[in-house]
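Colleague: Pasting a structure here, questions to come.
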Amino acid sequence: MTEKFILTISCPNQRGIVSKISTAIFRANGDILEADQYDDTTTANFFMRVVFDLAPASEAALHTDLAALADELEMQWELRRDTARQRVLLLVSKFDHCLVDLLYRWRIGELKMDIVGIVSNHPRVTFGPADFGSIPFHHLPVSKETKADQERQIRELIETERVDLVVLARYMQILSDDMSVYLSGRCINIHHSFLPGFKGAKPYHQAHSRGVKLIGATAHYVTADLDEGPIIEQDVERVCHSDSPDDLVRKGRDIERRVLARALSFHLEGRALLNGSTTVVFRD
């Protein structure tokens, strides 16, 4: 019996990479089902995602071959079963539209992950009838004076629950530089796409007062540079003069939900690979 595996790699580009990876899978009696590759001529880096069937008994031998190739090609790689579920921690403040949407997609099986907890700087009552089921809810209030201690508690929770990915589902607190570095490559944020034009409070109201005709949302990996991390997914929607500020907010919520869900799906499926200050996303 075979299982489906996903292999992702990134390395400096050179001739023969595809052949060597394919040969390693062949030697392990794997059967390639999907293969995507990209040669970034700007950075001279190569990226690849391969999906294949493999007998679990052959996994160790493939690991050995891939480890040898990693040394030869200066290659970063990850091999996992398609059925493997990442452990995800959701952080949220007052706005729950992204949180509730992710919970729904998770419950119907669209997002293959295990949600190990929800963290908010606001109490559970803030979210009214929202159904969190048996997911642990952690109220961790924060202020300027307590920020370091609150982030320490979040970090302890990440370690205790063996969290693979943190999702800022409209978590309206700026992570410290230390926290951003700690979560590098494993934290996704969502925000409107008005930056840097309309910073601060009520960006949709600011946009309305300037008569914008397009609104959008951006999902990206978190870095120490505020809202400037590698972008995973974006989307826009046209608006017009008859739309009120509340209309923009309503449409903005919808864009934010779907952009975050797609970005999270790309990450969980190994489709989003970091490429310096940007990403390579192998869309299905």
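The numbers here are math on the coordinates, done by the rules we state, and not lab data. None of these values were measured; they are calculated from a predicted model. Cβ atoms come from the backbone with ideal geometry, glycine included; neighbour counts cover every protein chain shown.
Colleague: Scanning for something of a type outside the set (A, V, I, L, M, F, W, C), free of Cβ contacts under 8 Å to residues at least 40 places away in the same chain and either surrounded by fewer than 21 Cβ atoms within 10 Å (Cβ to Cβ) or not in a strand (DSSP E or B) (or both), does the stretch 273-283 turn up at least one residue?
Modeller: yes
Colleague: Which condition number does residue 8 fail, the rest of (1) of a type in the set (Val, Ile, Thr); (2) crowded, with 17+ Cβ neighbours inside 10 Å; (3) assigned to a helix (DSSP H, G or I) being met?
Modeller: Here residue 8 meets the rest and fails (3).
Colleague: Can you name every residue in the stretch 19-47 that is hydroxyl-bearing (Ser, Thr, Tyr), under 26 Å from the mean Cα position of the chain (by Cα) and not in a strand (DSSP E or B)? Spell out the reasoning first.
Modeller: Step one: list which residues in the stretch 19-47 are hydroxyl-bearing (Ser, Thr, Tyr), which gives 19, 22-23, 38, 41-43.
Right, trim to under 26 Å from the mean Cα position of the chain (by Cα) and you get 38, 41-43.
Within the stretch 19-47, 41, 42, 43 meet the criteria.
Colleague: Same structure again: Being touching a residue at least 24 places away in the same chain (Cβ under 8 Å) and of a type outside the set (D, E, K, R) is the filter; apply it to the stretch 155-164 and report the residue that is surrounded by the most Cβ atoms within 10 Å (Cβ to Cβ).
Modeller: The selected residue is 158.
Colleague: I would also like to ask the following. I'm trying to understand the selection: among the residues of the stretch 154-172, which are in contact with a strand residue (DSSP E or B) (Cβ under 8 Å, 6 or more places away or on another chain), of a type outside the set (Ser, Thr, Tyr) and under 12 Å from residue 121 (Cβ atoms)? I'd like the intermediate steps shown before the answer.
Modeller: Here is the first cut: in the stretch 154-172, the ones in contact with a strand residue (DSSP E or B) (Cβ under 8 Å, 6 or more places away or on another chain) are 154, 157-158, 161-171.
So of that shortlist, the ones also of a type outside the set (Ser, Thr, Tyr) come out as 154, 157-158, 161-170.
Result: 154, 168, 170.
Colleague: Could you check, for the stretch 94-106, whether at least one of its residues is free of Cβ contacts under 8 Å to residues at least 60 places away in the same chain and more than 30 Å from residue 160 (Cβ to Cβ)? Even if it seems obvious, please write down each step before you answer.
Modeller: Taking the stretch 94-106 as the starting set, the residues that turn out to be free of Cβ contacts under 8 Å to residues at least 60 places away in the same chain are 100, 103-104, 106.
Checking the rest, the ones that are also more than 30 Å from residue 160 (Cβ to Cβ) come to none.
The answer is no; no qualifying residue exists.
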